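This report concerns only the one structure given below.
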Amino acid sequence: MSRRGAKAVESLSAAEAAVELAHLAAEIARHDQLYFNRAAPEISDFAYDALRQRLNAIEARFPTLVAADSPSRRVGAPPVADFGKVTHSRPMLSLDNAFEPADVHEFLARVRRFLGLAAEAPVALVGEPKIDGVSAVLRYEGGRLVVGATRGDGSLGEDVTANLRTIRDVPLALTQGAPSLLEVRGEVYMTRADFDALNAARDAAGEPRFVNPRNAAAGSLRQLDSRITASRRLHFFAYAWGETAAPLGASHWQALERLRALGFQVNPLARPLADVAAALAFYAEIQAARATLDYEIDGVVYKIDDLAWQERLGMVSRAPRWAIAHKFPAEQAETTLEAISIQVGRTGALTPVAELAPVHVGGAMVARATLHNEDEIARKDLRLGDRVIVQRAGDVIPQVVAVVPGARPKDSLPFVFPDRCPACGSRAVREEGEVIRRCTGGLICPAQAVERLRHFVGRDAFDVEGLGEKQIAAFWQDGLIRTPGDIFRLAGREAEIALREGWGEQSAANLVQAVAARRTITLERFIFALGIRQAGQATARLLARNYGSLAAWRSAMAEAGDPESPAYQELTAIESIGAKVAGEVVAFCAEPHNRAALDDLAGQVTVQDFVPSATTSKLAGRTVVITGTLTAMTRSEAKARAEALGAKVAGAVSARTDYLIAGADPGAKATRARELGVPVLDEAAWLELIGAR
Ligand code: IVH
């Protein structure tokens, strides 16, 4: 029906208005159907909006003609004082859970026993994703939505008709041929995208966030003002029914298809399943697809397909015998925040950590979670004793997502972030514009000292094997290692180390040997090892390349203390070294403590000059692959040396490889190199090539 040439609203008679409103409502419903159910819209959004505007204009002029199921009702009605109660014609059930394949086998065995079927008798199922939302029921009489309600306690729900009407997936009128009475059950949910947008808007408005899409959907559905519900863009999947005037089909699958034809959204991932093997494959498939879905699911549901069997199976203690939820391992769990501890990092950063009552999340036990920084605690208003939602996704560090509302101890107080370092008692300050509060104790702070030493011997720095956090902390505690130089003075103290807890003669000897093997180091590793704030591996390499030797670098940094000096100009002229990085590096080198530590170290180790002749070296521009065990240096050191000489180090051998450097036990890469005719260098040849012999 074209609106072109339509009469001006002001000149419509009431009779004309009534006819046109009915036409408009039918047409809008038809376009909704085309748009949502078939994803095949016939008209543009603009034309669709024009239909709705015309309907609104006519209704505004003839308020008495506004139908109870008018599409305009979807924008929400004014608030009500309270929800009415709705008694469900048949109880709204919950589901038993299965966690393991064995539980699913057992479910089917129970069904067969109950129905008196043979152990191997085929039992067809339907599989559906289990939507993590809130369930609702919609009652249609004469094809029109008359009541919509929440599940409530299963027998008595709340009348949220006005709210359910605002959901575009909820048909207000059913297509032709609908049973004269039909109760449809399903899940109201919010998409992740809408959930994120809602929380962003709430952040901006200073309102509390919703914990997850399910809570947001529940909160939105239970609004007394349905205009708010309308603004929340909820969705609805139909998956079951209550009272019906006529059966929807002979099987669950047929019934779902019927519901779809009547105008409901039925989850497109739902599928008939022939047997338990198909069910478990379905579970795996949906679990794999989980992250790509725009809504949250927490498992799948298997339902016995045959409705006559469903009828016979009936229910037991609020759950049907004919269905079971096969849950995914939870990625979120609720637990208690028992304490907030503060960790001090290498650069003095104070990081809050949540100490939790241990809880299983996504297949692992979680007792601690990162809290990032003090603003994060304030933003979430985390308090000791709070019930909190903990999340763990893949291998990432567990996080505290939010506080569970309404479960807070009465006497709780907001968390006060300490302004003293918990490790050394020095002042902890937060500079303007920074989110991190830092301890000002420097190396007198044991936490910083231990962390710095740990960094110093780390893989990309001095790479000393056998010295982990625990060992360093213990050595520090007993004064065995207080400065980096002390590490090299361990030689000769093997006997003393061997007597320590967790050590023996062999491990003590190994440690001393590992330290000795690292007395020679490249300049860039050396600079990186110092753990200067802002100076990561890339910056360390730039400094090494620019200054060439430890002596040159140190004297340049001493001069660069004056920002007017040519030395400072030279430093900031290095590409990607700005004022911030330069400031940190210069300040580090000016610190008397650090100067003393550097002097001390310089007496203990040999720092190799940077080899600037990359372009003239035999390796310049070449691609090398390193494999097997080298004795003179680690593989990461060999990589650094090759790169310093201008080579590209690749991970796999190909026709483009110029050399394969093969230590002991080189394996498949050497075979491959020989096949391709790539020259293979043993360790001796490699050392010769880089001039280390
Ligand atoms: S069937 C008797 N199917 O899960 C039938 N429930 O833990 C009862 N749910 O209360 C429900 N997706 O809110 C069914 N595809 C699905 C579902 C589903 C989500 C929810 C529903 C129910 C809860 C039970």
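Sum -39500 (n - 2.57) across every DSSP H segment of at least 4 residues in the chain, then divide by the residue count to get the 222 nm mean residue ellipticity, nearest 500. Per the formula, -10500 deg cm²/dmol. At the residue level, Ile286 shows approximately 0 square angstrom of accessible surface with a 1.4 angstrom probe and all protein chains present. Residues with amide H under 5 Å of Ile297's amide H, sequence separation 5 or more or different chain, H placed in the peptide plane at 1.01 Å from N; which? Answer set, sorted by chain and number: Asp132. Using the Cα coordinates of the chain, the gyration tensor eigenvalues translate into equivalent-ellipsoid semi-axes of 66, 32, 28 Å, sorted from longest to shortest.
Length gained on full extension, Ser412 to Ala109, computed as 0.36 nm times the residue gap minus the Cα-Cα distance: 104.0 nm. For Ser135, the residues whose amide H sits under 5 Å from its own are Arg151, Val188, ignoring neighbours fewer than 5 places away on the same chain, with H placed 1.01 Å from N. Under conditions of 20 °C and 1.002 mPa s, the range 313-387 yields 142 µm² s⁻¹ as its translational diffusion coefficient, taking Rh as the Kirkwood radius over Cα pairs in the Stokes-Einstein equation.
Quarter the surface of the alpha carbon convex hull of the range 463-572 and you get the mean projected area, 8.0 square nanometres.
What does the convex hull of the Cα atoms of the range 424-496 come to per residue, in Å³, rounded to a whole number?
Taking only Cα atoms, the range 424-496 has a hull volume of 106 Å³ per residue.
Computed over protein heavy atoms with a 1.4 Å probe, the accessible surface of the chain works out to 48 Å² per residue.
Helix 45-61 versus the longest principal axis of the chain: what angle, 0 to 90°, nearest 10, using Cα atoms? Taking the Cα atoms of the chain, the angle to 45-61 is about 50 degrees. Each peptide among 201-210, 570-579 gets the average number of other Cβ atoms lying within 10 Å of its residues, and from highest to lowest they stand as 570-579, 201-210.
Neighbours of Ala67 by Cβ distance under 10 Å: Lys/Arg scored +1, Asp/Glu scored -1, total 0.
Once the Cβ-Cβ distance between Glu42 and Ala288 is put in as r, and R0 is 45 Å, what FRET efficiency do you end up with, to the nearest 0.05? Rounded to the nearest 0.05, the efficiency is 0.80. Within the shell defined by Cβ-Cβ distances under 13 Å, the residues around Thr606 carry a net charge of +2, with Lys and Arg each +1 and Asp and Glu each -1. Based on Cα atoms of the range 554-653, Rg over Rh with Rh as the Kirkwood radius reads 1.08.
Normalised by the empirical 2.2 N^0.38 Å for globular proteins, what value does the Cα Rg of the range 80-124 take?
1.93
Each Cα pair under 8 Å and six or more residues apart adds its separation to the average, and for the chain the resulting relative contact order is 8 percent.
Solvent exposure of Arg290, expressed as accessible area, is near 40 Å², computed with a probe of 1.4 Å over the protein chains only. In this label model, Gln176 and Glu257 are separated by 2.0 nm, measuring between points 7 Å along each Cα→Cβ vector. Against the criterion of solvent-accessible heavy-atom surface with a 1.4 angstrom probe, His31, His372 sort, most first, into His372, His31.
When all protein chains stay in place, what accessible area (Å², nearest 10, 1.4 Å probe) is found for Thr370? Estimated to the nearest 10 Å², Thr370 gives 30 Å².
Close Lys pairs in the chain, defined as Cα atoms under 13 Å apart and 8 or more places apart or on different chains, number 4. Over the C-alpha atoms of the range 629-693, the Rg to Rh ratio, Rh being the Kirkwood estimate, stands at 0.93. Computed over neighbours whose Cβ is under 9 Å from that of Val137, the net charge equals +2, Lys and Arg +1, Asp and Glu -1.
On the principal axes of its alpha-carbon atoms, the range 132-221 has extents of 47, 28, 20 Å, going from largest to smallest.
Each of Gly458, Trp476, Ile436 was placed along the dipole of the range 378-504 (beta-carbon charges, centred on the mean Cα), and the one lying farthest toward the positive end is Ile436. With unit charges on the beta carbon (Lys/Arg positive, Asp/Glu negative), name the residue among Leu248, Ala632, Leu117 whose Cα is farthest towards the positive pole of the charge dipole of the chain. About the Cα centre, the residue reaching furthest to the positive side is Leu248. Surface composition of the chain: carbon and sulfur make up 53 percent of the accessible area, probe 1.4 Å.
Got a sec? Charge dipole of the chain, +1 on Cβ for Lys and Arg, -1 for Asp and Glu; which of Val353, Ala590, Ala278 is way out at the positive end? Farthest towards the positive end: Ala278.
Given axes a ≥ b ≥ c from the Cα gyration tensor, I'd like to know whether the range 153-309 is rounded (a/c under 1.5), prolate (a/b larger than b/c) or oblate. Oblate shape, in that a/c is at least 1.5 and b/c is the bigger or equal ratio.
The values are calculated or read from the model by the stated rules, or taken from the named source; none is laboratory data. Not measured: the values here are computed from a predicted model. Every residue, glycine as well, gets a Cβ built from its backbone with ideal geometry; the counts of neighbours run over all protein chains shown. Just the protein is used for accessible areas: all its heavy atoms, side chains included, with ligands, DNA and RNA removed. Shrake-Rupley method; radii C 1.70, N 1.55, O 1.52, S 1.80 Å.
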